[in-house]
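No value in this document is a laboratory result; all are computed from the given coordinates. The structure presented is a predicted model; accordingly, all values stated were derived computationally and were not measured. Heads up, the Cβs are rebuilt from the backbone with ideal geometry, glycines too, and the neighbour counts pull from every protein chain shown.
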């Protein structure tokens, strides 16, 4: 491979793509005989965790995860296009997810871009290898999407901070070793945002109690995390006191796909419109194949067009000349566009099944073993996490279109 300084040739990329495809063909895990998570937000059993941890470690050991991260922190130090290529092959091969998403996609890039050398050495390699699982402590039960109104308190006491409060939707909090934590260190600050600080907090601490939450699907993955006089080292503070809002906003840029730096791997099971069509091939309505229905065909074509547009928009976002009218508009709208498309596509797949749409995982008559019903219900997590669709629409309106608050 080329160094990170020089862009690889198309020949090099094609050769690399072939290497990845061959490796995945030989190393793709077989069906483990139990239900695997569709996204990182459904890892709810030790069995699932052990399987996915082994897979992520194998992927990293082969050199196909964290490829653009520096070698001294466990990466390969090559241009990001290699990771993009490897990820595309993973999607094509339909391999399991790289489950440690909060570490790989949010905490890792944040530490890489603004962490100290000590923090980089301590955390980054173990994120890639899946040795250390990370969770996120932003949202709170009483404040929803009002992140600036966080009330979890962090009070300095010598060389420690004492944490009290509650966080919600802390994905894999019961398995995590570390949490990216936003807490209030100065309740008297004139601006509420100036009273927040950001911590890389350990989770195996007395007074930190993550409790799993059962989801609509019957699965787990989320936790509600309670802090009761929990003491963490003062060295866990990232940056300075009062910089928490600034650092949190940078973290959300990674979470929403508006800023690059993620280590790669698949965040969720790949689902495309061709999969919907394949599912519906055997469905009939009034004695005729459903796919001959002009209304169904019209809806499918609309979804095809939108899916194609999503892919082209992602490519366009990297070409500055094509986004000069509204800079960062595609990046800032990516999360809203992709999660809402996924919701509508999955909803269509369930509704088009007719009476079969009411069946679920475990029912022998369910189409595709109830995959689409489970996928639709799980997708609500995606339209909420990282800021609800309503919040995302506000971001586009205010920061892209310049509309008033």
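Taking the three principal axes of the alpha carbon atoms in segment 140-294, the coordinate ranges are 75, 30, 29 Å, sorted in descending order. For the residues 176, 154, 318, a GNM of the chain with alpha-carbon springs under 10 Å puts the largest fluctuation on 318. Spacing of the modelled spin labels on residue 351 and residue 206, each 7 Å from Cα toward Cβ, amounts to 5.6 nm.
The distance from the alpha carbon centre of segment 58-94 to that of segment 332-405 is 28 Å, rounded to a whole number.
Taking a ≥ b ≥ c as the square roots of the Cα gyration tensor eigenvalues, with a/c under 1.5 meaning rounded and otherwise prolate when a/b beats b/c, else oblate, which class fits segment 10-132?
Values: a/c = 2.15, a/b = 1.09, b/c = 1.98.
Verdict is oblate for segment 10-132.
Could you work out how far helix 80-93 tilts from the main Cα principal axis of the chain, as a 0 to 90 degree angle to the nearest 10? Result, in degrees: 40.
Just want the ordering: 333, 313, from fewest to most Cβ atoms lying within 10 Å of their own Cβ.
The fewest-first ordering by Cβ neighbours comes to 313, 333.
Relative to the longest principal axis of the Cα atoms of the chain, the long axis of helix 329-351 makes an angle of roughly 50 degrees.
Just subtract the alpha-carbon distance of residue 57 and residue 228 from 0.36 nm times their residue separation and send over the number in nm, one decimal.
On the way: separation 171, 0.36 × 171 = 61.56 nm, distance 3.39 nm.
Full extension from residue 57 to residue 228 adds 58.2 nm.
What is the helix-to-structure angle for 10-27, meaning the angle in degrees between its Cα long axis and the longest Cα principal axis of the chain, kept from 0 to 90 and rounded to the nearest 10? For 10-27 against the chain, the angle is about 80 degrees. Secondary-structure-derived ellipticity at 222 nm for the chain, considering helices only, amounts to -12500 deg cm²/dmol, per-run term -39500 (n - 2.57) for DSSP H runs with n ≥ 4. Just want to confirm a number: the relative contact order over the chain, from Cα pairs under 8 angstrom separated by 6+ residues, in percent. Here the relative contact order equals 14 percent. Here the spin labels are modelled as points 7 Å beyond Cα on the Cα-Cβ line, and at residue 47 and residue 26 they lie 3.1 nm apart. For the pair segment 97-112 / segment 145-199, the C-alpha centres are spaced 20 Å from each other.
Put in line by how crowded their Cβ is, counting other Cβ atoms within 10 Å and starting with the fewest, 276, 205 read 205, 276. Build a GNM of the chain with springs between Cα atoms under 10 Å: which of 358, 74, 244 gets the top mean-square fluctuation? Maximum fluctuation in the GNM of the chain, among the listed residues, is at 358.
Overall shape: oblate for segment 208-274, with the ratio a/c of the largest to smallest alpha carbon gyration tensor axis at 1.5 or above and b/c at least equal to a/b. Computed over the chain with a Gaussian network model linking Cα atoms closer than 10 Å, the most mobile of 217, 11, 116 is 11.
Give the distance, in whole Å, between the Cα centre of segment 6-52 and the Cα centre of segment 236-306. A separation of 18 Å, based on Cα centres.
List 191, 231, 270 from most exposed to least, where exposure is judged by having the fewest other Cβ atoms within 10 Å. Numbers along the way, then the final one.
On the way: 191 10, 231 16, 270 13.
Ranking 191, 231, 270 by Cβ neighbours within 10 Å, fewest first, gives 191, 270, 231.
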